[in-house]
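First up is the structure itself, then whatever we jot down about it.
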């Protein structure tokens, strides 16, 4: 059906954009490790933002752990 193919196409685009975004985040982390916090070509403190996000989830206790588990489940069950 046309509707199912449209949904599959959109899911494919979203998956591709997500893969590119994760690759860019990994590149930004490596560049920040190599060049430090004040690299001109990075949009801020990438490692600091990731650390703050993990700290926020960890500080929420069970709610943060459940949120992390749900995100992990969604990421692993995508097609």
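Output the relative contact order of the chain, whole-number percent, from Cα pairs under 8 angstrom with separation of 6+ residues.
14 percent
Against the globular-protein guess of 2.2 N^0.38 Å, express the Cα radius of gyration of segment 2-76 as a ratio, rounded to two decimals.
This ratio for segment 2-76 stands at 1.45.
May I ask for the angle, rounded to the nearest 10°, between helix 62-76 and the longest principal axis of the chain, with both axes built from Cα atoms and the value confined to 0 to 90°?
The answer is roughly 50 degrees.
May I ask you to compute the full-extension gain from residue 14 to residue 51, defined as 0.36 nm times their residue separation minus their alpha-carbon distance, rounded to one decimal in nm?
10.8 nm
Where a number appears in this text, it was derived from the coordinates with a stated rule and is not lab data. All figures in this text were calculated on a predicted structure; none of them were measured in a lab.
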